[in-house]
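**Student:** Below is a structure I'd like to ask you about.
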């Protein structure tokens, strides 16, 4: 039994050994914060670069099968609910609130910080545009797919990683 002066060490499945539940919570919150900031900075920088360098409504070749465009999107990801205004805002804030509450209740759940950071960062990146301009700037265009931006990618990967975190790895489910 460790003395009161010795820290209790626990191993997280997604990181190095961390001291106590309080420390694990702090690490999880720090990871979410860093990821949110990274998504926001990358999203806003790329949108500002597009606004400054690509005229609205035009297309520029970037890579094979990838074009850069400059369009305004008043809907949610990939243009769904275009013109939804208040409905889009309410849906976004409701989903974001539910996720944040879930994370606040379970911050030490392995890897939950990843989808939380991606989803909060992505939602805030598009929310900033929506509140400032009434639309979101989209600029990545793939063949047969609506234009999207960095925030949309973060939201998509956030949803996928949230499903993975909540459902578990396929090998784990097969063992149960």
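**Student:** Just to check your reading of the model, which residue among 163, 127, 119 is in contact with a helix residue (DSSP H, G or I) (Cβ under 9 Å, 6 or more places away or on another chain), without any contact (Cβ under 8 Å) to a residue 12 or more places away in the chain and farther than 26 Å from residue 20 by Cα?
**Tutor:** After ruling out the rest, the residue left standing is 163.
**Student:** One residue is enough: does the stretch 111-129 have a residue meeting the conditions touching a strand residue (DSSP E or B) at 6+ places or on another chain (Cβ under 7 Å) and surrounded by 17 or more Cβ atoms within 10 Å (Cβ to Cβ)?
**Tutor:** Looking through the stretch 111-129, at least one residue is touching a strand residue (DSSP E or B) at 6+ places or on another chain (Cβ under 7 Å) and surrounded by 17 or more Cβ atoms within 10 Å (Cβ to Cβ).
**Student:** Look at residue 154 and say whether it is at pLDDT 95 or above, within 30 Å of residue 57 (Cβ to Cβ) and buried (at least 16 other Cβ atoms within 10 Å of the Cβ).
**Tutor:** yes
**Student:** Ok, one more. Can you report the number of residues in the stretch 1-45 which are within 19 Å of residue 115 (Cβ to Cβ) and modelled with pLDDT under 90?
**Tutor:** 4
**Student:** Among the residues of the stretch 46-63, write down those that are out of contact with any strand residue (DSSP E or B) (no Cβ under 8 Å at 6 or more places or on another chain) and modelled with pLDDT under 95.
**Tutor:** Scanning the stretch 46-63 gives a single hit, 63.
The values are calculated or read from the model by the stated rules, or taken from the named source; none is laboratory data. Remember, predicted model here, so these are calculated numbers, not experimental data. As a convention, Cβ positions derive from the backbone with ideal geometry for all residues, glycine included, and neighbour counts pool all protein chains shown.
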